[in-house]
Every structure is written in structure tokens, then in C-alpha cells.
Amino acid sequence: MTVTVPHNGSSLRPGPRPRTPTPPTGPVGMAVIGAGYWGPNIVRNALASPATDLKWVCDREVGRARHVVGEQSAIRVTTDIDDVLADESVEAVAIATPPATHAELALRCIEAGRHLLVEKPLADSLDAGLRMVRAAEEHGVVLHCDHTFCYTPAVQKIRDLVAAGDLGTPLYYDSVRVNLGLVQEEVDVFWDLAPHDISIVDFILGSGRDLLTVAAEGADPLGLGHACVGYLTMRYSDGLLAHCHLNWLSPTKIRTTIVGGSERMVVWNDLLPAQRVSVFESGVDLGESDLSLGERRRRKVSYRIGSMVAPPLREREALLGVLEDWTGAIRSGGAPMTDGHAGLRVLRVLEAAEASLRDGFAPVPLASVGAVA
Ligand SMILES: NC(=O)c1ccc[n+]([C@@H]2O[C@H](COP(=O)([O-])OP(=O)(O)OC[C@H]3O[C@@H](n4cnc5c(N)ncnc54)[C@H](O)[C@@H]3O)[C@@H](O)[C@H]2O)c1
């Protein structure tokens, strides 16, 4: 047997292996920044999840942070993110502050080597989002964008039905997301509500087709300087059309989405806990598919009115799934389901919608808005 001797004369007998840091195990030590409307939901789920160990809540208004954790809690509160980042037991930070603050806070956490969960929308511009994603990749930290609805049993069921081909060819996505909502000062109704639908469409219908154009029409009846009522349309390469109606000024709350397919159609009513998802064996048939357009127009259509099935869904708070996916990715070194890139895809549509609003509601080719990997 030949033994090669290195030029320094030492034999090749394995010496002591270099020490690699043992990856942390157990619950992820975390902090929440932002204790306004949404942050407390993250706090509540972080306290309920065995996967997280909540150490800090940070808010510019310390009273809010204190209120969320309770007067006698051992969880520490602060107004200063430096306190959070100085604590070595904090491995990860959830950011639930207004979108305009996401990039600055996120970049500080990333540079301090902390994993991140950032609320939707990932940032207030595609450019800011890109900086966050690039920095997270450079520093090897997990960046999760909280597209909460993708973690609901209803949306996961619809995604499974589409992926299994149970709806046939997907034809359209049509949603109504309206209520007497909190009229926001800093963002319009598109940046506030549309991330939900854009992320859902991306999640259930995004693969296998390209998004070609985005058109947005908005109204500002209150004179706020931005839209409170909006209609967003996304057109895909295979003809699929997604339309979202967004409105802060509706007297009633409606959260209903229809996903139409050539074989079946799904109605998702998120305000009906006993029957959120209904799958209809209904559709319109034209008989032979190889007819010419003229023949198809002359042909009488036949309506298929079949049975309706309401699949059982487990009741589970989506944010718990978000935290599990995020912490799972942190521990495994993998990517979460709705990662920074999913956040960028949403930002790209929002920027295209803004361009369409500026351009008299004209459809804007997605290709004209900064490329996203
Ligand atoms: N995933 C969802 O379903 C969902 C629902 C609602 C809101 N959101 C998102 O959550 C985020 C927060 O929305 P919100 O409605 O809770 O806003 P909010 O205004 O009610 O609360 C934001 C909080 O952040 C604090 N804050 C602002 N800047 C800060 C800073 N630099 N450091 C520390 N604290 C700071 C404010 O004092 C405030 O308490 C937004 O991105 C929003 O889009 C997500």
C-alpha cells in the first residue's frame, strides 16, 4: 500500500477533526418586534408553540409590548432592538411593524446573524425586498415571509385539489376581500390586502404557468391620496385570470373566493367555519373539444350541475403552522414554504399594480418590473 506523505512530513493518519459548532437543538429562542395589531397574534402563537421560546417583545411604545406579555411575565420588553440583538439566546426575530420599517429592521437582524420572520408584505418596495433576500443569503440566515393564508387548512386543501388535477384545467381565481377595514395612512388597499390574494394565487396556481400582466383600478373616495377600493387582475400565460376585489369601505365583511376549473369549482368562504371549502361538480360542457370557434359558438352548451362536497378540514391556527415551518427551516437548514423569494414575487405584482394605477389602469407586463429569481 502506498502512503503519500505530505511535504511537511506528517503521516496521513487522521488527526483530531476540526471542531464544527454543534447546531442548536430544542426550541428556537426568539423575539417579536411590533406589538400593534398583528404582533400580539405572533406572541400568542409563540407562547403556545413548543418550537419557540419567546425571550423579548420590542415596540417603540413599550406599554404595548408590556400589555401583550402581561405585567408579571418573565418575557422581557424593550423599545430598543439593540437590547434584543445583544441577547445571545435570541436566535430569530419576527418583525410585525409597518412595511416601511421592515427592511431597516430586517437588515440589522440579518447582519447580527438572526433568522427572520417578516410580516407581509416583505417590504415597501421590490428593491428593499431584494436587499433583504440577498443579505439573508449572504449571511446564511432563514428569511420567512409570513403569507399566513398559505398555512390555512382551507388554502392547503385547495392547493392539493389543484395539484391533484381534481379541478381539471384551472380557469380562474375570483376573490372578494372587503369589510369596513382599518383605513391605513401609509399604504393603499392594494399593499394592505392584496398580498393575501397574490400569495394565495402564487401558492395554489403559480407553478406551470407564467404571470404575464397585472392591471389595477382603484378609487379614493375619501381623498386620502391613495386607493381604498381596488380591483386587481392578473393574467397568466395559459389564459388563467385571477381577479381580486379589495375594499376597506364595505358595510359587510366578505371573504369569498371561487377557483373555477374545467371539471370542478371550489368556493372558499373563510367566514363559514363549518364549511369553509365547498367543491362543486359543476361546469359547462361544449362536447367535442376539437371544434372550430364558429362551431363552438353555434353549439348549445350543456350545464353540468353535480353534487357538492364539503371536505373536512382540521381547525388549526395558521400562525402556528407558520412558526413550525420557520423554526423547522432554522433547525434543518432548509427553506420555509413561503420564503423571501415568495415575498419578492408578491412585491413584484404590487409594483406592477402601482404602475398600472399610474398608467390609467392599463395592464402592465410583469417582465417590465425588476426581475426576481
Ligand atoms: N399576516 C397577516 O394576516 C397580517 C394581518 C395584519 C397585518 N399584517 C402585517 O403586520 C405588520 C404590522 O401591521 P399592524 O397592523 O400590526 O400595524 P400596527 O401599526 O398596528 O402595529 C405596528 C407596531 O409596530 C411598532 N413599531 C413601528 N416601528 C417600530 C420600530 N422601528 N421598532 C419597534 N416597534 C415599532 C408600532 O409602535 C406599533 O405598535 C404589517 O406588515 C402588516 O401588513 C399581517
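Within segment 49-61, residues that are of a type in the set (Gly, Ala, Ser) sit with their Cβ atoms under 8 Å from residues that are within 16 Å of the ligand (Cβ to nearest atom), at 6+ positions apart or across chains, in these pairs: Ser49/Leu320; Ser49/Leu323; Ser49/Glu324; Ala51/Leu323; Ala51/Glu324. Within the option set Leu224, Leu180, Leu249, being more than 15 Å from the ligand (Cβ to nearest atom), farther than 17 Å from Leu350 by Cβ and free of Cβ contacts under 8 Å to residues at least 60 places away in the same chain holds for one residue only, Leu224. Evaluated against (1) in a helix (DSSP H, G or I); (2) in contact with a Gly (Cβ under 7 Å, 6 or more places away or on another chain), Gly218 falls short on exactly one condition, (1). Among the residues of segment 71-120, those that are near the ligand (Cβ under 10 Å from one of its atoms) and among the polar types (S, T, N, Q) comprise Thr78, Thr79, Thr97, Thr101.
Working only within segment 233-269, note down all residues that are within 23 Å of Ser356 (Cα to Cα) and surrounded by fewer than 16 Cβ atoms within 10 Å (Cβ to Cβ). Within segment 233-269, Ser237, Asp238, Gly239, Leu241, Leu249 meet the criteria.
The strands (runs of 3 or more DSSP E) falling completely within segment 70-164 that include 1 or more residues that are over 16 Å from Arg345 (Cβ atoms) map to 76-78, 92-95, 115-119.
Restricting attention to segment 49-59 and to residues that are in a loop (DSSP other than H, G, I, E, B) and buried (at least 16 other Cβ atoms within 10 Å of the Cβ), the residue that is farthest from the ligand (Cβ to nearest atom) turns out to be Ala51. Checked against the criterion of being touching a Pro at 6+ places or on another chain (Cβ under 9 Å) and in contact (Cβ under 8 Å) with a residue 60 or more places away in the chain, the candidates Gly340, Gly328 yield just one match: Gly328.
A count restricted to segment 21-48 and to residues that are surrounded by fewer than 21 Cβ atoms within 10 Å (Cβ to Cβ), away from the ligand (no atom under 14 Å from the Cβ) and not in a strand (DSSP E or B) stands at 9. Being at pLDDT 95 or above, under 18 Å from Asp359 (Cβ atoms) and of a type in the set (A, V, I, L, M), is that true of even one residue in segment 203-210? Checking segment 203-210: not a single residue is at pLDDT 95 or above, under 18 Å from Asp359 (Cβ atoms) and of a type in the set (A, V, I, L, M).
Name the residues in segment 62-79 that are touching a residue at least 12 places away in the same chain (Cβ under 8 Å) and small (Gly, Ala, Ser), would you?
Answer for segment 62-79, where residues must be touching a residue at least 12 places away in the same chain (Cβ under 8 Å) and small (Gly, Ala, Ser): just Ala65.
Going by the structure shown, is Val155 within 14 Å of the ligand (Cβ to nearest atom), under 14 Å from the mean Cα position of the chain (by Cα) and assigned by TED's automatic domain parsing to the domain that holds Ser262? Judged against the criteria, Val155 is a match. State whether one or more residues within segment 177-195 are in a helix (DSSP H, G or I), touching a helix residue (DSSP H, G or I) at 6+ places or on another chain (Cβ under 7 Å), under 26 Å from Pro273 (Cα atoms) and of a type in the set (Gly, Ala, Ser). Yes, the conditions are met somewhere in segment 177-195.
The values are calculated or read from the model by the stated rules, or taken from the named source; none is laboratory data. The structure presented is a predicted model; accordingly, all values stated were derived computationally and were not measured. Here Cβ is always computed from backbone atoms with ideal geometry, including for glycine, and neighbour counts include all displayed protein chains.
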